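**Student:** Provided herewith is a single structure, encoded as structure tokens, for subsequent inquiry.
The values are calculated or read from the model by the stated rules, or taken from the named source; none is laboratory data. Here the structure is a predicted model, which means the values were calculated and not measured. Positions of Cβ are generated from backbone atoms using ideal geometry, with glycine treated the same way; all protein chains shown enter the neighbour counts.
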Amino acid sequence: MSSRKGYLSVQTLAQLPGALNRVKDMMKKLIISMLLASAGIASPTTAIAAPTITVAQAAPVSIHYRTATIDGVRMFYREAGPADGPVVLLLHGFPTSSHMFRDLIPLLADRYHVIAPDYPGFGQSDAPDHRQFVYSFGHFADMVDTLMGQVGAERYAMYVMDYGAPVGYRLALKHPERVTGLVVQNGNAYEEGLGAFWNPIKAYWASGSVKDREAQAWLVSPKATKFQYTDGVRDVSRISPDTWVHDQALLDRPGNKEIQLDLFYDYRTNVPLYPAFQSFFRERKPPTLILWGKNDTIFPEPGAHPYLRDLPEAEMHLLDTGHFALEDKLDVMAPLIRDFLDRKVAKR
């Protein structure tokens, strides 16, 4: 077919798709060159490769599971984070162990040197017979002190919860200059915090009788352990059954009930130290973050407010949950803890 004026030949029509593609490629290169120029980046003279987009992603935190021999007892502890980072000591409550901090540790350990021990008779630490080993809060504080010396921690912030409060505060009385900050979560230091729940235990303190001792045995039962995790929690579906099953398996070890009953009785020795703990707060004024499960039956909300008498600069958050607040409020607590440590502890 011959070409006419105003018409394209078949050959020309056949070449149009390729020509259009070349025009598109030229336009793309021109647009990209203009964008690069506007950003102050030199335009390449050769063909432009597709840009590579790199998404920054934090490396997973490595947690080490270690043991130290102290007073002839193998003491287990979790350790994570940079060896030269600010130290954060996590002190657990009853009836759990450092296991309670399993989800918090990775959220701190990119910057902080985190140490979380199990007291003897708890978690993965040894549990010698109570007739051959002194189970007391004073002894626990001494052992934690020794552990911190072994790992080379000369200064540290402390997260104290439940039993962790008297252990940590006794440690603070021994070395007040070492404490860089406090995170207090349902950890008592005031008479106001010992409510009705404690009345049967106080009867045991007063008498020391076998009858009153055995009356506390229900506290190591499966029902009581589950209660501690679920009481006061608005959405129980957020609490993993693994928590109370894990703790109960350790409570059910032969001889562990007697260990716990010894500790219930020894808790009485913490109460006379409350004035000394409070003096430490007033005199040393450690930066303090108070995170309190306000629905806790064991250490209820009235135990939280007195801290502000002695630590008026403390930051307080009352959470709508129960005793083990980390189990359902980690998403709220972790940012508060991290922000507090970054502002108040990291540079001390």
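**Student:** If you go through segment 246-256, how many residues are under 19 Å from PHE101 (Cα atoms) and either loosely packed, with under 13 Cβ neighbours inside 10 Å or outside the structural domain of PRO128 (by TED's automatic domain parsing) (or both)?
**Tutor:** Qualifying residue count, segment 246-256: 1.
**Student:** Then there's this: For the subset of segment 129-158 comprising residues that are part of a loop (DSSP other than H, G, I, E, B) and among the small types (Gly, Ala, Ser), which member is nearest to TYR267 (Cα to Cα)? Walk me through how you get there before you give the answer.
**Tutor:** The initial filter retains those residues of segment 129-158 that are part of a loop (DSSP other than H, G, I, E, B), namely 129-136, 151-155.
Adding the requirement that they be among the small types (Gly, Ala, Ser) leaves 136, 152-153.
Numbers: SER136: 8, GLY152: 29, ALA153: 27 Å.
Top of the filtered list is SER136.
**Student:** Among the residues of segment 159-187, which ones are part of a loop (DSSP other than H, G, I, E, B) and aromatic (Phe, Trp, Tyr)? Break it down stepwise before answering.
**Tutor:** Initially, segment 159-187 is screened for residues part of a loop (DSSP other than H, G, I, E, B), giving 162-163, 175, 186-187.
TYR163, the sole residue that qualifies.
**Student:** Then there's this: Quick test for you: out of ARG284, ARG268, pick the one residue that is basic (Lys, Arg) and either over 18 Å from TRP198 (Cβ atoms) or within 23 Å of the chain's Cα centre (by Cα) (or both).
**Tutor:** Matching residue, one of ARG284, ARG268: ARG284.
**Student:** Within segment 319-348, count every residue that is in a loop (DSSP other than H, G, I, E, B) and either polar (S, T, N, Q) or closer than 15 Å to ARG234 by Cα (or both).
**Tutor:** Step one: list which residues in segment 319-348 are in a loop (DSSP other than H, G, I, E, B), which gives 320-325, 346-348.
Pick out the ones that are also either polar (S, T, N, Q) or closer than 15 Å to ARG234 by Cα (or both) and you get 320-325.
Going through segment 319-348 one residue at a time, the tally reaches 6.
**Student:** Right, something else. State whether one or more residues within segment 141-151 are in contact (Cβ under 8 Å) with a residue 40 or more places away in the chain, out of contact with any Leu (no Cβ under 8 Å at 6 or more places or on another chain), in the same structural domain as VAL220 (by TED's automatic domain parsing) and under 29 Å from GLY232 (Cβ atoms).
**Tutor:** No.
**Student:** Scan segment 325-343 residue by residue and report those that are out of contact with any Asp or Glu (no Cβ under 9 Å at 6 or more places or on another chain) and either surrounded by 15 or more Cβ atoms within 10 Å (Cβ to Cβ) or of a type in the set (A, V, I, L, M) (or both).
**Tutor:** Across segment 325-343, the qualifying residues are VAL332, MET333, ILE337, ARG338, LEU341.
Rundown of residues vs (1) modelled with pLDDT under 95; (2) acidic (Asp, Glu); (3) more than 19 Å from TYR159 (Cβ to Cβ), yes/no style:
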{"site": "LEU36", "(1), (2), (3)": "yes, no, yes"}
{"site": "ALA39", "(1), (2), (3)": "yes, no, yes"}
{"site": "THR46", "(1), (2), (3)": "yes, no, yes"}
{"site": "ALA50", "(1), (2), (3)": "yes, no, yes"}
{"site": "VAL61", "(1), (2), (3)": "yes, no, no"}
{"site": "ARG74", "(1), (2), (3)": "no, no, yes"}
{"site": "TYR77", "(1), (2), (3)": "no, no, no"}
{"site": "PRO95", "(1), (2), (3)": "no, no, no"}
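**Student:** May I ask you to list the residues in segment 195-209 that are part of a loop (DSSP other than H, G, I, E, B) and touching a residue at least 60 places away in the same chain (Cβ under 8 Å)?
**Tutor:** Across segment 195-209, the qualifying residue is only GLY195.
**Student:** Right, something else. Among the residues of segment 207-217, is there at least one that is under 23 Å from the mean Cα position of the chain (by Cα) and surrounded by 17 or more Cβ atoms within 10 Å (Cβ to Cβ)?
**Tutor:** Scanning segment 207-217, I find no residue that is under 23 Å from the mean Cα position of the chain (by Cα) and surrounded by 17 or more Cβ atoms within 10 Å (Cβ to Cβ), so the answer is no.
**Student:** Could we say that GLY303 is assigned by TED's automatic domain parsing to the domain that holds GLU192, surrounded by 15 or more Cβ atoms within 10 Å (Cβ to Cβ) and of a type in the set (Gly, Ala, Ser) here?
**Tutor:** yes
**Student:** With the condition kept exactly as written, say whether any residue in segment 234-245 is modelled with pLDDT of 95 or more, within 24 Å of the chain's Cα centre (by Cα), farther than 30 Å from GLN132 by Cβ and surrounded by 17 or more Cβ atoms within 10 Å (Cβ to Cβ).
**Tutor:** Yes, segment 234-245 contains at least one residue that is modelled with pLDDT of 95 or more, within 24 Å of the chain's Cα centre (by Cα), farther than 30 Å from GLN132 by Cβ and surrounded by 17 or more Cβ atoms within 10 Å (Cβ to Cβ).
**Student:** Now for a separate question. For segment 233-244, does any single residue satisfy the condition of being acidic (Asp, Glu) and without any contact (Cβ under 8 Å) to a residue 12 or more places away in the chain? Walk me through how you get there before you give the answer.
**Tutor:** From segment 233-244, those acidic (Asp, Glu) are 235, 242; that's our starting set.
With the extra rule that they be without any contact (Cβ under 8 Å) to a residue 12 or more places away in the chain, the set shrinks to 242.
Yes, the conditions are met somewhere in segment 233-244.
**Student:** Of the conditions (1) buried (at least 16 other Cβ atoms within 10 Å of the Cβ); (2) over 19 Å from PHE280 (Cβ atoms), TYR159 satisfies every one except a single condition; which number is it?
**Tutor:** (2)
**Student:** If you go through segment 199-245, how many residues are touching a Ser or Thr at 6+ places or on another chain (Cβ under 7 Å) and within 14 Å of TYR265 (Cβ to Cβ)?
**Tutor:** So the answer is 0.
Rundown of residues vs (1) over 25 Å from LEU171 (Cα atoms); (2) of a type in the set (D, E, K, R), yes/no style:
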site	(1), (2)
ASP242	yes, yes
ARG253	yes, yes
PHE281	no, no
ILE298	no, no
LEU318	yes, no
HIS323	no, no
